[in-house]
Amino acid sequence: MTAPRRRRLRPLTLMSHALLILFSFATLYPILQIVTVSLRPSDQLYSTSLALVPKGATLRAFYVILFERDFLVWMRNSLLVSFAVTVFGVALASTAGYAFSRYRFPGWTAGLYSFLLTQLFPATMLMLPLYVMMKAVGLLDTFTGLAIAYTATALPFSVWTMRGYYDTIPIELEQAALIDGCGPWSAFTRVTFPLAAPALAITALFSFMNAWSEFLVARVIVNRQALYTLPLGLESLAGQFQTEWANYAAGSLLVCVPVMILFVVLNRWLVSGLALGGVKG
Amino acid sequence: MLRSPRWFPYQLLLPAIVVMLAVVLFPLLYNFYLAFRNMSLYHFTDHRFVGFEQFRTLLTEPALYVLLGKSVAWTVVNVLFHVAVGLFLAVVLAGPVRGRAFYRTLLILPWAMPQYISALTWRGMFNYEYGAVNLILTRLLHLPAVPWLTDPFWAFVAPIIVNIWLGFPFMMVVALGALSAIPHELYEAADLDGANVWHKFRNITWPQILPVLTPAVLLGTIWTFNNMVVIWLVSRGGQPADQTHIMVTYIYKVAFTYYRYSYAAAFSVIVFLILLGFVLLVLRRAAPLEARS
Amino acid sequence: MRRTRRGWLAWGCVVAFLVPGCAPSKSTPKAIVIWEQMDPDERARFEQNLDVFRERHPGIEIRHLPYDTEQLRNQFQTAAAAGGGPQLVFGPSDQVGPLSLLRLIKPLDTTLPAGFFERFIPAALDTLDGHLWAAPDQVGNHLVLCFNKALVKKAPEGSNEFIALARKLTTPARGGQPSHYGFALNATEPYWLIPFFTGFGGWVMDGRREPTLDTPAMVQALSYLRDLNYKYAVMPRESDYQVAETLFKEGQAAMIVNGPWSWSGYRKAGIDLGIAPIFKMPNGQWARPMTASKGYSINTNVRKDELPLVIELVTFLTSPEAQLRSATELGILPSHRAAYRDSAILNDPFLRISQEAFEKGRRMPVVPEMRVLWDTMRPSLQNVMNGARAPEAAAEEMQRTSVQQLADMKK
């Protein structure tokens, strides 16, 4: 980020800004429509009016969803499950990915492939056997059941991403550590793990989102309103023809808040390239 | 490669493998079993082994190949845009742009928003007469209005647009993480050599982010191929006239509208095999596993 | 090697953390679970009824779980087939078609006490394969003509009258003013085609459950809707459920065809709502909507010792007391003979018209074949409304694909 370099990028920077604004508009416009729905007093998803602030706009839906529906319960449940999945997902993927990146062992190829293979089958058809299985082991209506299922669906991507990122970290660092008398476990935890912060941030965010927005599996495993996660709770606001659209929109907007907070927190690690540069220099 | 006790890598792997097997193995095997039987509404408890019967029916149906074509088109266009848009934004936002933290947070919104309401809101925006998209086209750009939801071609384009909107933030985040692994020294050296922006991207950025980007693109392709939610919601279950289907939405319909469970399972097995072929092709040819070792 | 052992230890802790959750959840006795598909207003009444029952039966836990129609059937199928699921499932009458065939619900004529079903009006009872599978809680689902009283003084009775009125009320977009339409209709769903089809003398299947869709009546009905869209242009070109409803709620469509579930929403949106039976077709016959009941079915997995309590709950939920609660506000027609003729219903002018429209209707078949017919009528109807098919070709297409799909399904 030296001054001369920035000057040379001038016209490009201008164009980047123009494109950024364009993309931001395209991103934001549908979201603003959802805001409009949440403010509309008459439970209408669509309108012939393009006004962003509807006639008779009211914040009532936010009050209703927060205090007259079980939204806070759903939020707590979702946070619980999602954090569990995040912790487990990161723990299991960072170790498994490390094994694939730093070692060659019998079953290496098969193992790496098999993570991918689980993603190839259309999910709708897996729900009936999943239910049968969860019922057999008594994990229906438990957060444990949900967390295990979500961790499993998040792992293939996480393992592969972790492995890919470890591959970009020079192996010499650990070799040096091993020569200095470090065990393989502490070579991993003390040297490589901290350097993989950006990949850990990706894995964490992905695992979290995987649990946060999932509906199909939750619908099968959870059959008690007290255990509803956010997607199930929101779904319960929708009838065949009548849907509480204002509440639904308000709830959807509130659902975004924790994700945004998490993202802002993870942002530091996601772009913490300096760590690596420092070590290498 | 590192040297260590022989058991160490297995120890690192075991928990992940156990969780995967516990959750995925039985449902997968069950579907393979089902594909060779005749379970349906009329044979729900008394189904029997029928061999390759379901596959034979399936492979002789012309509809299968149309659906495959649509699935491929859907996947290719989506993934192409996800990667292009996501990568572009990541490259820009990794650079010294004012307000980049703000942009980064804002651009992740489509990922954070529950898909159900986003998809239905977009459907509203595609309405011929009242939708925002046509109003922008006709009033601002003076273009003719597009029948987004009733013309078979545009009705297929509409969910693709929605899915691109939903999917680029994920690629952007992955690319941001991948970019941060590139040492600044490489760019500084290139600057000294007088390399331009494109050369730096082509010779430094791209090869450096490939190891992280490959799994995201590979899995992104698989997920997109198997993603039925968006197209189902935006086209209201295949409208107009059941023409807006890809393989997975059709499977859903066959299984839950017509109760042809075994047929749907056989169909899913075919999807599985197609994707397996794709994965093998990519990993053997385009991005071999051992590229960097 | 010591480090490696510590690694195993760490994973041991993770497993230990997970194990407590693995203990099988205890099944609590004396808990009844109901999975239901209700609109929000209807659900509020249902919850009031459950509160009354809970008060009378302290110590019994009753839970209900809301679903949408498709989800309800799919989830119930999954759960009941695996030997689980709720004791009761509440939904539209046609869900008993597949559920009874899959042997996932009990035949109620032999499960409930003898004579139980005599309390209901005949139009509420649907027999399938010689058995009754649901205890009805309401009848209706009948489409009527809804009109905005600020724009329409008196509902049209005949087709000519309707078209003249609708044309008068249709004004194209001008300046900043959006267009106004005389009429709006969910033209993407065949349920909205049926009244016109039956009005021209058609019906979906014959006595042997074979589809009868390629008939002059179907061609006439499709032509009629197409003409409303293209020839008379009294409805929006792209008109699905959400669009039609939005226009009516915003006062930009004067008339709409919709069912009882929609009425309270129109009033909430500030529309001065009037309803009437859908007008007569050009042949002088009333358009006849399909009617259906909604009711409770009992899961086949319900244990013998739970059954008496389950029966008691069903009996209560279908009693006049429960059915008449807020009947006039919700506009739901009761299925119980006494409630159907109750003065609260008869003295309510709005409900009287609803009853009149209901009695003009024809009962929807609950056989599983019906699902296939819905599914094969839908694309052809949409094709006609898009202008992609002529009505004759569409009728032929419906029949052909129905026969094909039914054969495939029965394979």
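The values are calculated or read from the model by the stated rules, or taken from the named source; none is laboratory data. Everything numeric in this text was worked out from a predicted model, so none of it was measured. Heads up, the Cβs are rebuilt from the backbone with ideal geometry, glycines too, and the neighbour counts pull from every protein chain shown.
Selection of helices (runs of 4 or more DSSP H) fully inside segment C:297-411 by the criterion of at least 1 residues being farther than 28 Å from residue B:260 by Cβ, among the hydroxyl-bearing types (Ser, Thr, Tyr) and within 18 Å of the chain's Cα centre (by Cα) returns C:349-360.
Among the residues of segment C:143-171, just one is assigned to a strand (DSSP E or B) and farther than 28 Å from residue C:362 by Cβ, namely C:171.
Screening residue C:46 against (1) at pLDDT 90 or above; (2) closer than 15 Å to residue C:296 by Cβ; (3) within 11 Å of chain A (Cβ to nearest Cβ) leaves a single unmet condition, (3). In segment A:143-167, of all residues being within 9 Å of chain C (Cβ to nearest Cβ), in contact (Cβ under 8 Å) with a residue 12 or more places away in the chain and buried (at least 21 other Cβ atoms within 10 Å of the Cβ), the one that is farthest from residue B:180 (Cα to Cα) corresponds to A:145.
Restricting attention to segment B:140-159, which residues are among the aliphatic types (A, V, I, L, M) and either buried (at least 19 other Cβ atoms within 10 Å of the Cβ) or part of a loop (DSSP other than H, G, I, E, B) (or both)? Correct list: B:141, B:143, B:145, B:146, B:149, B:155, B:158. Is at least one residue of segment C:105-118 within 14 Å of another protein chain (Cβ to nearest Cβ), buried (at least 20 other Cβ atoms within 10 Å of the Cβ) and outside any helix (DSSP H, G or I)? Yes, segment C:105-118 has at least one match. Residues in segment A:225-256 that are closer than 24 Å to residue A:87 by Cβ and not in a helix (DSSP H, G or I) were compared, and the one that is farthest from the other protein chains (Cβ to nearest Cβ) is A:229.
Can you tell me which of B:8, B:26, B:49, B:44 is over 24 Å from the mean Cα position of the chain (by Cα) and buried (at least 19 other Cβ atoms within 10 Å of the Cβ)? Steps first, please.
Values: B:26 fails: buried (at least 19 other Cβ atoms within 10 Å of the Cβ); B:49 fails: buried (at least 19 other Cβ atoms within 10 Å of the Cβ); B:44 fails: buried (at least 19 other Cβ atoms within 10 Å of the Cβ).
Exactly one of B:8, B:26, B:49, B:44 is over 24 Å from the mean Cα position of the chain (by Cα) and buried (at least 19 other Cβ atoms within 10 Å of the Cβ), namely B:8.
Within segment B:189-220, the set of residues being of a type in the set (D, E, K, R) and farther than 19 Å from residue B:176 by Cβ comprises B:191, B:193, B:202.
Any residue that is under 30 Å from residue A:108 (Cα atoms), at the interface with chain A (Cβ under 10 Å from one of its Cβ atoms) and outside any helix (DSSP H, G or I) - is there at least one of those in segment B:7-21? Give the derivation first.
Our first condition is that a residue be under 30 Å from residue A:108 (Cα atoms); within segment B:7-21, this holds for B:7-21.
Then drop every residue that is not at the interface with chain A (Cβ under 10 Å from one of its Cβ atoms), which leaves B:7-21.
Checking the rest, the ones that are also outside any helix (DSSP H, G or I) come to B:7.
Yes, segment B:7-21 contains a residue that is under 30 Å from residue A:108 (Cα atoms), at the interface with chain A (Cβ under 10 Å from one of its Cβ atoms) and outside any helix (DSSP H, G or I).
Within segment A:123-141, being surrounded by 19 or more Cβ atoms within 10 Å (Cβ to Cβ), under 24 Å from residue A:93 (Cβ atoms) and either among the small types (Gly, Ala, Ser) or without any contact (Cβ under 8 Å) to a residue 24 or more places away in the chain (or both) holds for A:123, A:126, A:133. Taken as a whole, the structure leaves residue A:76 outside the set of residues that are part of a loop (DSSP other than H, G, I, E, B) and either basic (Lys, Arg) or touching a Gly at 6+ places or on another chain (Cβ under 7 Å) (or both).
Applying a threshold of 7 Å to beta carbon distances and a minimum spacing of six or more residues, or different chains, the list of pairs starting in segment A:50-79 at a residue that is modelled with pLDDT under 85 and ending at one that is assigned to a loop (DSSP other than H, G, I, E, B) reads A:54/A:40; A:54/A:47; A:56/A:41.
Among the residues making up segment C:246-260, those that are in contact (Cβ under 8 Å) with a residue 40 or more places away in the chain and either touching a Pro at 6+ places or on another chain (Cβ under 9 Å) or acidic (Asp, Glu) (or both) are C:247, C:252, C:253, C:255, C:257, C:259.
Scanning segment C:65-100 for residues that are at the interface with chain A (Cβ under 8 Å from one of its Cβ atoms), within 13 Å of the chain's Cα centre (by Cα) and polar (S, T, N, Q) returns a single hit, C:69.
Any residue in segment A:41-58 that is part of a helix (DSSP H, G or I), within 12 Å of chain B (Cβ to nearest Cβ) and of a type in the set (S, T, N, Q)? Working first, answer last.
Keep residues of segment A:41-58 that are part of a helix (DSSP H, G or I), which gives none.
No: segment A:41-58 contains no residue that is part of a helix (DSSP H, G or I), within 12 Å of chain B (Cβ to nearest Cβ) and of a type in the set (S, T, N, Q).
In summary, helices (runs of 4 or more DSSP H) completely within segment B:186-259 and bearing 1 or more residues that are modelled with pLDDT of 90 or more and either closer than 22 Å to residue B:94 by Cα or among the hydroxyl-bearing types (Ser, Thr, Tyr) (or both) occur at B:206-225, B:247-256.
Let's see how each residue does on (1) without any contact (Cβ under 8 Å) to a residue 24 or more places away in the chain; (2) assigned to a helix (DSSP H, G or I); (3) within 8 Å of another protein chain (Cβ to nearest Cβ); (4) surrounded by fewer than 20 Cβ atoms within 10 Å (Cβ to Cβ):
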position: B:68; (1), (2), (3), (4): no, yes, no, yes
position: B:105; (1), (2), (3), (4): yes, yes, yes, yes
position: B:138; (1), (2), (3), (4): yes, yes, no, yes
position: B:181; (1), (2), (3), (4): no, no, yes, no
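For residue A:186, the criteria (1) surrounded by fewer than 22 Cβ atoms within 10 Å (Cβ to Cβ); (2) of a type in the set (S, T, N, Q); (3) within 11 Å of chain B (Cβ to nearest Cβ); (4) over 23 Å from residue A:134 (Cα atoms) hold in every case but one, which is (3).
Looking for something more than 28 Å from residue B:34 (Cβ to Cβ), of a type outside the set (Asp, Glu) and within 14 Å of chain C (Cβ to nearest Cβ) - is there at least one such residue anywhere in segment A:103-121? Within segment A:103-121, one or more residues are more than 28 Å from residue B:34 (Cβ to Cβ), of a type outside the set (Asp, Glu) and within 14 Å of chain C (Cβ to nearest Cβ).
In the set C:250, C:238, which member is in the same structural domain as residue C:194 (by TED's automatic domain parsing) and closer than 14 Å to residue C:187 by Cα? Give the derivation first.
Numbers: C:250 fails: closer than 14 Å to residue C:187 by Cα.
None of the other options fit; the residue is C:238.
A single entry from B:159, B:215, B:169 fulfils the requirement of being within 26 Å of residue B:108 (Cβ to Cβ) and in contact with a Lys or Arg (Cβ under 8 Å, 6 or more places away or on another chain): B:215.
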